[in-house]
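Visitor: Take a look at this one; I'll ask things after.
What follows is calculated from the coordinates using simple rules that are stated; it is not laboratory data. Just so it is clear, the structure is predicted and the values come from calculations on it, not from any experiment. A quick note on method: Cβ atoms are made from the backbone with ideal geometry, for glycine too, and the neighbour counts reach across all protein chains shown.
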Amino acid sequence: MKRICCIISLFVLCLTFNQAHAQRCLPGMKGLQVTGGMADGVHWNSKSDFAYYFGAAMSAYTKNGNRWVVGGEYLEKHYPYKDLQIPVSQFTGEGGYYLNFLSDRKKTFFLSLGLSALAGYETSNWGDKLLPDGSTLTDKDGFVYGSALTLELESYITDRVVFLINARERCLFGSSVGKFHTQFGMGLKFIM
């Protein structure tokens, strides 16, 4: 009889609190994320110094919602020259740690601060240094390295799909066009 009363009590409790929350950000969970956005300001006019980025990364959660992130990113910025747009492209790999410092009680929103090491390659005008008007680009293609500081907001849409909003400041040495790039973007993460 005690057993039946216990089962009925548990059933009534489940009906009373009719929501079951999934376990999120558990140690060992992995997620694949894709992000994209604008870099160095928001430029909708393609005749200005338009810049964008996109990337993919794999994240592995540790305790307290913190995570390790490993991925790659592509950033392209256009510089106006007369009636031309000269592209400068950066291909970078990233490895970093993101510290969860704010989340709600239901574990729907997470705010994280991440620090990453970056390394990659930069090319100006895809290696073509001679312009149509006879001018020559002096920017050199080469390897770049540095770090990135990221502020990222995660919002769970479902138990397996997460919406991301991030702001990031990249500092890359070895670049011939500038060391700092500010990025604003959004993306999706798929929990596996």
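Visitor: For the stretch 57-72, just list the computed ³J(HN,Hα) in residue order, Karplus coefficients 6.51, -1.76 and 1.60, θ = phi - 60°, integers in Hz, with x standing in for Gly and Pro.
Guide: These are the phi-based 3J(HN,Hα) values: 8, 10, 10, 10, 7, 10, 6, 6, x, 6, 7, 8, 10, 10, x, x Hz.
Visitor: Here's something else I'd like to know. Run the simple label-point estimate for VAL34 and TYR97 please: 7 Å along Cα→C-beta, distance reported in nm.
Guide: 3.1 nm
Visitor: Still on this model: Taking the highest mean first, how do the peptides 152-159, 51-58 order by number of other beta carbon atoms within 10 angstrom per residue?
Guide: The peptides rank, most packed first, as 51-58, 152-159.
Visitor: The stretch 67-109 to the stretch 143-165: how many Å between their Cα centroids?
Guide: Rounded to whole Å, the Cα centres lie 8 Å apart.
Visitor: How far is it, in nm, from the label point at LYS129 to the one at THR182 when both lie 7 Å from their Cα along the line to the Cβ?
Guide: Label-label distance for LYS129 and THR182, simple model: 3.3 nm.
Visitor: Over the C-alpha atoms of the stretch 54-192, what are the Rg and the largest Cα-to-Cα span, Dmax, in Å?
Guide: Rg and Dmax of the stretch 54-192, Cα atoms, are 17.9, 63 Å.
Visitor: So for the stretch 115-155, taking the charge dipole from beta-carbon charges (+1 Lys/Arg, -1 Asp/Glu), which of GLY134, LEU153, GLY120 sits furthest toward the positive end?
Guide: Checked the options; the winner is GLY134.
Visitor: Using a Cα-Cα cut-off of under 12 Å, which aspartates and glutamates could be cross-linked to LYS140, ignoring same-chain neighbours fewer than 8 residues away?
Guide: Cα-Cα hits under 12 Å: GLU122, ASP128.
Visitor: Something else about it: With r defined as the distance between the Cβ atoms of LYS140 and GLN85 and R0 fixed at 22 Å, what FRET efficiency is calculated, to the nearest 0.05? Let's see the in-between values first.
Guide: Working: r = 20 Å, r/R0 = 0.90.
Here the calculated transfer efficiency is 0.65.
Visitor: Nearest 20 debye, what's the magnitude of the dipole of the stretch 27-191 about its Cα centre given +1 on Lys and Arg Cβ and -1 on Asp and Glu Cβ? Walk me through the intermediate numbers first.
Guide: Numbers: 16 positive and 16 negative charges, 148 e Å.
Charge dipole, the stretch 27-191, about its Cα centre: 720 debye, nearest 20.
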